[in-house]
Amino acid sequence: MDLKLTSRAEDFIDDKYFHELLQNTKEDLPKIREILAKSKTKQALTLEETATLLAINSPEAKQELFETAKELKRSIYGKRIVLFAPLYIGNYCINNCQYCGFRSSLRKAVRRTLSDQDIVAEVTQLEKEGHKRLILVYGEHPRYTPEFIADSVRTCYNVKTGNGEIRRININAAPLDIEGFRTVKEAGIGTFQVFQETYHKETYAKYHPGPGIKSDYMWRLNAMDRAFEAGMDDVGIGALFGLYDWRFEVLGLVKHSIYLQDKYGVGPHTISFPRIKPAYDMKLDLPYEVSDEDFKQLVATLRIAVPYTGLIMTARETSEVRDAVIEYGVSQIDAGTRLEIGGYHEGKKEVQELNREQFQIGDSRELDSVIQWLLNRGFIPSFCTSCYRLGRTGEHFMEYAIPGFIGRFCTPNAMLTLAEYLEDYSSAETKEEGYKLIEEELLLIKDSKKKEDLATKLLMIKNGKRDMLY
Ligand code: SAM
Ligand code: SF4
């Protein structure tokens, strides 16, 4: 690996300025209302405006923050929630992140890398459950080269089971060098995610003591620059909440987004905000653990600060927390999640064995139950992969901002992919509820031509046709 940073690499995180902003900004209701009003025009916020929202403390201001986030989510993303599943490919790791069940110092952790045959068996099972979108996850190890990652992506795409196929694969792996990003991009991936974990340098050093390259803050902070220089335009950032002050991390994520947008003309496609969960032999004192209430506030603040960036809430959270937070800005969730390597085809264990898995999950419901829950809440579960497959990524993805984009593309695509799921995989109960929602949504379409076209496509799905895209 070439450990060079990009030629114009910058440390764009000014810790001192972040602290000053957080210390000196007090709750100011008129200013907050001004910013919330601005956000309704779907403009991204500045760092200073974000800090003003982060100073919110009173129940009254919080309520207004939540209401605005909810409204923005509905107006930008509509009712759909995109579903995916994580697929862990291997847990060998040379790094020593103190919070992770894969860290190198855990000599007794059970290590495994899926063979090609295992990958086929895992993907077959995921397809049989109805999944169309995966995120492949890897530890950081010399065996997980860019070529290895690219090969595993191709193996997954080649698995077809009945009407099942994987239509989009995202990656969560160690940051690569520019050449490595090129190799992985060529395999046809969607988003490449790298989480900074914490933007606060001192805390970063504390939790990533080495050995391993992950101890180098700048190598990681510069990862997305290398991805862009390799020609990727679809990247995901994130912070692991609980390592440091959550408000500081939100500033870090917003600054990272502004930086990428300014430098490359495209912000991150997604932001993830995992909270630390128990892991094998994890004995950390975590003074910055984020409460459920603060978690909701951080999601709402992100929604408002970066309106066009997808927000991912994972099954680390319990079903109760997911239920409470989903409407304040989340656009994607995983479902039917299993973290054990090989766990989809080898069967679900009653209790997670943490010496084989990265961390403890909070929501272990099967995909069908998650879909039922979403339907009951009035959301449209979506397996749509249309934008990425029709080249609406990166800069073009900002077309998303065009009025009517959701009505023209996202909602109909969500309905089509939901109908495919209902025909091929769902329980009878989910099928009934799903079609009820689809009928209701059809009635809401005012343009009679569009309505007719969609109704025709839905009928074609009932008759066996698959994979129609708007
Ligand atoms: N190994 C690669 C890396 O570190 O960049 C790939 C990602 S790692 C397998 C996925 C993410 O899981 C990490 O970036 C970290 O944020 C998160 N993670 C690790 N330990 C966790 C824990 N105990 N609870 C919640 N999330 C955790
Ligand atoms: Fe390895 Fe990633 Fe876990 Fe760190 S977070 S120990 S790099 S798998």
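A few points about this structure:
- The single condition from (1) over 19 Å from the mean Cα position of the chain (by Cα); (2) crowded, with 16+ Cβ neighbours inside 10 Å that I189 fails is (1).
- Tally of residues being of a type in the set (G, A, S) and under 16 Å from the mean Cα position of the chain (by Cα) across the stretch 250-268: 2
- Spans of helices (runs of 4 or more DSSP H) in the stretch 198-263 with at least 2 residues under 30 Å from R389 (Cα atoms), modelled with pLDDT of 95 or more and open to solvent by less than 10 Å² (accessible area, probe 1.4 Å): 223-229
- The one condition in (1) in contact with a Cys (Cβ under 9 Å, 6 or more places away or on another chain); (2) closer than 30 Å to L260 by Cα; (3) within 16 Å of ligand 2 (Cβ to nearest atom) that L106 fails to fulfil: (2)
- Pairs, first away from ligand 1 (no atom under 12 Å from the Cβ) in the stretch 98-123, second in a loop (DSSP other than H, G, I, E, B) and open to solvent by less than 30 Å² (accessible area, probe 1.4 Å), C-beta under 6 Å, six or more apart: S105/N96; R111/N91; R112/I341; D118/G342; V120/V159; V123/V159
- Set R322, R316: member being touching a residue at least 12 places away in the same chain (Cβ under 8 Å), assigned to a loop (DSSP other than H, G, I, E, B) and among the basic types (K, R): R316
- When F295 is tested against (1) away from ligand 2 (no atom under 16 Å from the Cβ); (2) on the phi > 0 side of the Ramachandran plot, exactly one condition is not met: (2).
- Scoring K16 on the criteria (1) assigned to a helix (DSSP H, G or I); (2) free of Cβ contacts under 8 Å to residues at least 60 places away in the same chain; (3) more than 30 Å from K283 (Cα to Cα) leaves a single failure, condition (3).
- E67 free of Cβ contacts under 8 Å to residues at least 24 places away in the same chain and either touching a Pro at 6+ places or on another chain (Cβ under 9 Å) or surrounded by fewer than 23 Cβ atoms within 10 Å (Cβ to Cβ) (or both): yes
- Of all residues in the stretch 102-120, none are within 20 Å of the chain's Cα centre (by Cα) and not in a loop (DSSP other than H, G, I, E, B).
- Search result, residues across the stretch 79-131 that are at pLDDT 95 or above, open to solvent by less than 20 Å² (accessible area, probe 1.4 Å) and aliphatic (A, V, I, L, M): I81, V82, L83, A85, L87, I89, L114, I119, V123, L126
- Qualifying residue in the stretch 164-183 (condition: free of Cβ contacts under 8 Å to residues at least 40 places away in the same chain, in contact with a strand residue (DSSP E or B) (Cβ under 8 Å, 6 or more places away or on another chain) and either assigned to a helix (DSSP H, G or I) or within 16 Å of ligand 2 (Cβ to nearest atom) (or both)): yes
- Flag if P59 is surrounded by fewer than 15 Cβ atoms within 10 Å (Cβ to Cβ) and either closer than 30 Å to W373 by Cα or modelled with pLDDT under 95 (or both): yes
The values are calculated or read from the model by the stated rules, or taken from the named source; none is laboratory data. It should be emphasised that the depicted structure is a prediction, and the values quoted were computed from it without experimental measurement. FYI the Cβ positions are ideal-geometry reconstructions off the backbone, even for glycines, and counts take in every protein chain you see. Remember, those area values only see protein heavy atoms, side chains included, never the ligands or the DNA or RNA. Shrake-Rupley method; radii C 1.70, N 1.55, O 1.52, S 1.80 Å.
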